[in-house]
Amino acid sequence: MKALQLHVDYIEYEPLRREGAVSEEVQPGPKSLRDAIVLFTSIEEKDDEEVAEELLREVADSMGRLGVDTLLIYPYAHLSNTLAPPMKALHLVRHMERRAQEVGLKVYRAPFGWNKRFSLSVKGHPLAEQFRVVSQETLKSRGTVEARATQVAVVEERETQHVQMGRELDLFSIHTVLGSGLPIFHARGRIIRDELIKLIREVNARLGFEEVWTPHLFKSDIWYQTGHYEHYRDRMFIFTVRGDEYVVKPMNCPGHAMIYASRPRSYRDLPVMFSEFGTVYRNEQPGELTGLFRVRSITQDDGHAFVRPDQIEEVIVRILNEVIWVLRLTVPGRISATLSTRPQSFIGDPAKWDEATEALKKALRESGMDYELKEGEGAFYGPKIDVDVEDSLGRRWQCSTVQLDFFLPERLDLKYVERDGSQSRPIMIHRAILGSIERFMGILLEHYNWRLPLWLSPTQVVVLPVSEKNREYASKLKERLCSEGIRAELWVEGTLEKRIRAAHQLRASFMAIVGDEEESSGTVTLRDYKGRVVRGLGGTQLSGWLLDQIRRRTNNRGEIDDTLSPAGGVLR
Ligand SMILES: [Zn+2]
């Protein structure tokens with residue numbers, strides 16, 4: 001089967017006279033369609049239903065990507081000289097039409113067995129014209145390739161799955177008109193981001209990182225000083241306004257270094273630490289962009305510590321312990337680390353490098369983490385530790401990084417005053433725990449397979465009154481849960497069954513159902529996503545149980561457990 005697929009602004013066609021032995025009955029007169037895919041199709045001798053289905057699948061996929069849902073199947077004998085007999089060809093064309101309807105396309109078919117006049121206007125974009133060939137032979141060879149590629153395909157399919165979750169759960173979306181790699185977060189997705197930020201804020205407070213804020217762009221001058229302009233230029237967004245050149249920040253480090261340099265620092269002040277949930281912009285190649293895993297707008301849970309050489313080990317141990325705590329809590333898989341050491345070309349004093357690398361090794365041992373040594377693979381400006389976590393699909397994700405830097409303090413002339421009044425350079429430690437908030441969210445969505453733990457869930461409780469009569473009581477319950485800091489919503493529209501189904505679809509953690517019985521006894525019935533139900537709960541008991549799960553950030557994804565049983569409390 002051969003097909004010429006055209007994306008048209010319009011097509012107009014009109015059957016003129018019958019041609020050949022088999023022709024369909026038609027309504028006379030011209031027909032026209034706008035913004036459609038026209039599929040000029042030649043059915044060949046050896047084609048069968050399988051071939052027809054495969055061709056239609058390819059076309060439907062391509063239409064999905066183009067965002068077009070109108071298809072005109074146009075029998076067209078001129079693409080092949082081994083045509084199928086007319087009856088068979090008509091049968092297969094009809095088969096394709098039915099399949100197209102089944103996958104939800106608006107499908108039209110130009111009549112079979114007629115001479116037709118047609119005129120059309122093809123759109124000018126690169127995918128507007130495509131030629132397709134499918135036969136039993138191509139299907140067979142594809143089969144063997146597919147078998148070999150299964151492993152890869154499974155992973156790739158999973159990789160895009162969180163994008164589907166983003167759309168269906170109303171979390172985030174990616175729009176070509178806004179730019180690829182620039183996802184926008186909807187209200188519900190913003191909640192997940194904020195929960196992750198809240199978690200890291202707690203960690204920062206324990207570690208002594210002070211949160212700061214710096215702008216999204218700086219003049220080029222600073223990026224020349226830091227060396228980014230020279231080494232990182234291809235990945236920076238650079239623009240000129242009134243003769244001044246600016247760079248949209250690809251990193252937060254220079255701003256934090258400037259805060260350090262804004263006042264004299266003594267050896268007693270160190271370590272000095274700044275953190276920022278700064279969104280940085282990197283011009284990744286379009287082909288590398290994947291959902292939230294690889295984006296151009298990256299919000300880092302960034303932090304910089306300015307330390308004395310004798311403080312490296314202690315500071316790193318404390319950071320690593322928090323890294324372990326955060327990763328265990330969020331993606332409870334196996335954690336492991338790598339230590340990348342001095343490369344061939346490097347800057348600074350080799351003795352300082354050795355000392356620092358030794359401190360990192362000690363810190364790793366002390367934190368009890370398994371690590372692999374990557375000899376000579378550090379950056380030219382310092383050794384680093386990367387921490388990986390394994391998700392529920394057995395994939396390893398590098399999330400946390402702790403990077404030592406001898407170079408930037410030198411470049412930006414950072415100093416502190418020693419006990420004896422002399423001046424020394426601090427060492428800078430760049431650290432991120434989640435890495436990129438966007439990417440981490442993608443990992444979580446796939447790891448938890450649609451249903452996030454209660455503490456991360458955008459909708460923790462949906463309050464469902466059984467009927468309109470119970471609305472006021474339900475509304476009070478919702479207000480009460482919200483006032484205690486639980487994300488509760490009141491849903492009143494539609495039948496109870498419909499609302500329960502919608503709550504499932506949105507992956508709401510719990511449903512609180514209130515009818516006459518609950519109202520008269522001042523209680524609530526809680527239902528989880530597995531259909532387990534606890535009746536007769538008091539309001540205090542319900543919110544207390546939920547808040548305990550939320551505060552401890554348990555990995556309860558919306559399941560009632562034995563710690564919740566009715567104690568006959570009264571909700572008033
Ligand atoms: Zn940095």
Note down all Cβ pairs under 6 Å where the first residue falls in region 281-305 and is closer than 29 Å to Pro409 by Cβ and within 14 Å of the ligand (Cβ to nearest atom), the second is in a helix (DSSP H, G or I) and open to solvent by 20 Å² or more (accessible area, probe 1.4 Å), and they're at least six residues apart or on different chains. Arg282/Arg235
I'm trying to understand the selection: among the residues of region 483-494, which are open to solvent by 40 Å² or more (accessible area, probe 1.4 Å) and under 15 Å from Leu547 (Cα atoms)? Ser483, Glu484, Gly485, Arg487
On the basis of being open to solvent by 10 Å² or more (accessible area, probe 1.4 Å) and not in a helix (DSSP H, G or I), does Gly64 make the cut? no
Tell me which residues, restricted to region 467-477, are open to solvent by less than 70 Å² (accessible area, probe 1.4 Å) and touching a residue at least 24 places away in the same chain (Cβ under 8 Å). Ser467, Asn470, Tyr473, Ala474, Leu477
Could you look through region 251-267, keep only residues that are of a type in the set (Ser, Thr, Tyr) and within 17 Å of Ile427 (Cβ to Cβ), and pick out the one that is nearest to the ligand (Cβ to nearest atom)? Tyr260
Selection count where residues are crowded, with 19+ Cβ neighbours inside 10 Å and within 14 Å of the chain's Cα centre (by Cα), scope region 435-460: 15
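Conditions (1) among the hydroxyl-bearing types (Ser, Thr, Tyr); (2) more than 30 Å from Tyr10 (Cβ to Cβ); (3) modelled with pLDDT of 90 or more, marked per residue:
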site	(1), (2), (3)
Arg99	no, no, no
Glu102	no, no, no
Arg117	no, no, yes
Leu120	no, no, yes
Val152	no, yes, no
Arg158	no, yes, no
Val163	no, yes, no
Ile174	no, no, no
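Yes/no per residue for (1) within 16 Å of the ligand (Cβ to nearest atom); (2) at pLDDT 95 or above; (3) part of a strand (DSSP E or B):
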| residue | (1), (2), (3) |
| --- | --- |
| Gly181 | no, no, no |
| Arg190 | no, yes, no |
| Asp194 | no, yes, no |
| Lys198 | no, yes, no |
| Arg201 | no, yes, no |
| Asn204 | yes, yes, no |
| Phe218 | yes, yes, yes |
If you take just the helices (runs of 4 or more DSSP H) that sit entirely in region 383-485, which of them hold at least 2 residues that are in the same structural domain as Leu196 (by TED's automatic domain parsing) and either under 30 Å from His162 (Cβ atoms) or within 16 Å of the ligand (Cβ to nearest atom) (or both)? 407-411, 437-447
Does Asp354 count as without any contact (Cβ under 8 Å) to a residue 24 or more places away in the chain, open to solvent by 10 Å² or more (accessible area, probe 1.4 Å) and of a type in the set (Asp, Glu)? yes
The condition of being within 15 Å of the ligand (Cβ to nearest atom), farther than 30 Å from Asn555 by Cβ and at pLDDT 95 or above holds, among Val212, Val248, only for Val212
Select, from Ser80, Ser32, Ser42, the only residue that is buried (at least 20 other Cβ atoms within 10 Å of the Cβ) and of a type in the set (Gly, Ala, Ser). Ser42
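Okay, residues lined up against (1) without any contact (Cβ under 8 Å) to a residue 24 or more places away in the chain; (2) touching a Phe, Trp or Tyr at 6+ places or on another chain (Cβ under 7 Å); (3) open to solvent by less than 50 Å² (accessible area, probe 1.4 Å):
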{"residue": "Leu481", "(1), (2), (3)": "no, no, yes"}
{"residue": "Leu496", "(1), (2), (3)": "no, no, yes"}
{"residue": "Ala503", "(1), (2), (3)": "no, no, yes"}
{"residue": "Asp516", "(1), (2), (3)": "no, no, no"}
{"residue": "Thr525", "(1), (2), (3)": "yes, no, yes"}
Based on this model, can you work out whether Arg308 counts as within 22 Å of Glu358 (Cβ to Cβ), modelled with pLDDT of 95 or more and away from the ligand (no atom under 15 Å from the Cβ)? yes
Since Gly558 meets every condition but one in (1) in a loop (DSSP other than H, G, I, E, B); (2) more than 23 Å from Leu199 (Cα to Cα); (3) under 30 Å from the mean Cα position of the chain (by Cα), which condition does it not meet? (2)
In region 32-61, what residues are part of a helix (DSSP H, G or I) and aliphatic (A, V, I, L, M)? Val51, Ala52, Leu55, Leu56, Val59, Ala60
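Table: residues versus (1) without any contact (Cβ under 8 Å) to a residue 40 or more places away in the chain; (2) more than 21 Å from Arg17 (Cα to Cα); (3) surrounded by fewer than 16 Cβ atoms within 10 Å (Cβ to Cβ).
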site	(1), (2), (3)
Val59	no, yes, no
Leu90	no, no, no
Ala100	no, yes, no
Gly104	yes, yes, yes
Leu120	no, no, no
Pro126	yes, yes, yes
Val133	no, yes, yes
Gln136	no, yes, yes
Of the residues Arg282, Arg265, Arg296, which is in contact with a Pro (Cβ under 6 Å, 6 or more places away or on another chain), assigned by TED's automatic domain parsing to the domain that holds Ile429 and open to solvent by less than 70 Å² (accessible area, probe 1.4 Å)? Arg282
Would you check which residues across region 285-333 are within 15 Å of Ser275 (Cα to Cα) and among the hydroxyl-bearing types (Ser, Thr, Tyr) and list them? Thr299
Restricting attention to region 363-409, which residues are within 21 Å of Met251 (Cα to Cα), open to solvent by 50 Å² or more (accessible area, probe 1.4 Å) and touching a helix residue (DSSP H, G or I) at 6+ places or on another chain (Cβ under 6 Å)? Tyr381
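Based on what the data block shows, is Thr226 out of contact with any strand residue (DSSP E or B) (no Cβ under 9 Å at 6 or more places or on another chain), crowded, with 17+ Cβ neighbours inside 10 Å and of a type in the set (Ser, Thr, Tyr)?
Criteria met by Thr226.
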Take Ser340 and tell me if it is within 30 Å of Glu446 (Cα to Cα) and over 30 Å from the mean Cα position of the chain (by Cα). no
Scan region 227-244 and tell me whether some residue there is under 30 Å from Glu446 (Cβ atoms) and touching an Asp or Glu at 6+ places or on another chain (Cβ under 8 Å). yes
Got at least one residue in region 16-35 being modelled with pLDDT of 90 or more and of a type in the set (Val, Ile, Thr)? no
Within region 214-223, does at least one residue satisfy the condition of being touching a helix residue (DSSP H, G or I) at 6+ places or on another chain (Cβ under 8 Å) and open to solvent by 70 Å² or more (accessible area, probe 1.4 Å)? no
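The values are calculated or read from the model by the stated rules, or taken from the named source; none is laboratory data. Quantities reported herein were computed from a predicted structural model and do not represent experimental measurements. Every residue, glycine among them, receives a Cβ derived from its backbone with ideal geometry; neighbour counts consider all protein chains shown. What goes into the accessible areas is simple: the full protein's heavy atoms, side chains included, and nothing from ligands, DNA or RNA. Shrake-Rupley method; radii C 1.70, N 1.55, O 1.52, S 1.80 Å.
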